[in-house]
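To start, the structure under review is shown below, and the notes come after it.
Bear in mind these aren't lab numbers, they're just calculated from the coordinates by the rules spelled out. The model shown is predicted, which means the values in this text are computed figures rather than measured ones. Virtual Cβ from ideal backbone geometry, glycine too; neighbours counted across all protein chains shown.
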Amino acid sequence: MTGSFRFWFATQRWEWSPELYRMHGYTPGELEPTTDLLLAHKHPDDREHVAATIARSINEGEPFSSRHRFVDTTGAEHTVMVVADRILGDDGEPVGTAGFYVDLSSTLAEAEQDLVTQRLPEMVEARAVIEQAKGVLMRMYRINAEQAFKVLIWRSQETNTKLRALATQLLVDLMEVPPPLPATVAAFDHILLTAHERIPR
């Protein structure tokens, strides 16, 4: 399940799609979503992290992107990934953030399963590029392989784009992401050069 939102920095006003209301256990429009309400639903272990992310959005104009858990009105726990981008004003400055909640804890919806079946031949042919794209998502968002595949399927379905084309473009556009810090590269160098020492004999 996915749900969309908008968050306006100046007024700290949230707008939820009907799907996002339902995800939290509410009837669409039942109440006005607020930051306090949002944080009240967060898993206690994740609440501080989400609060800090929202504060960064307001203070620094960053998108509200996160991976965390929340508890709906029935007490069910959801693991979600929030993928968002900035909303820019007429002067080019960020005035808000808009994006999607992707419920990683739910199984693939029936429509998504149908999509997988319809595109199976293409997916087999394009397995290498899709696996690479999955790997990028796994590292960037710290999610597992199944969750990464669900994100790709979601974007493919939402944008009516072939999965192979989407994965290919994602890899092409990866070159636009700023390079990792030298310390990160150094840490990876160490892992690469010593990986053989940690393989169970």
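Could you point to the label whose value was computed as log10 I(q)/I(0) by the Debye sum over Cα atoms at q = 0.07, 0.08, 0.17 Å⁻¹ for the structure here, given (1) -0.25, -0.33, -1.28; (2) -0.17, -0.22, -1.11; (3) -0.22, -0.29, -1.13? Here log10 I(q)/I(0) by the Debye sum over Cα atoms at q = 0.07, 0.08, 0.17 Å⁻¹ agrees with entry (1). Here the relative contact order of the chain, from alpha carbon pairs under 8 Å that lie six or more residues apart, stands at 15 percent. Around the amide H of Gly96, modelled in the peptide plane, lie the amide H atoms of Phe9, Ile87, all under 5 Å away and 5 or more residues distant in sequence or on another chain.
Per-residue ellipticity at 222 nm, computed for the chain from helices alone with -39500 (n - 2.57) per DSSP H run of at least four residues, works out to -15000 deg cm²/dmol. Per-peptide packing, taken as the mean over residues of other Cβ atoms within 10 Å, places 142-154, 186-198, 47-59 in the sequence 142-154, 47-59, 186-198 from highest down.
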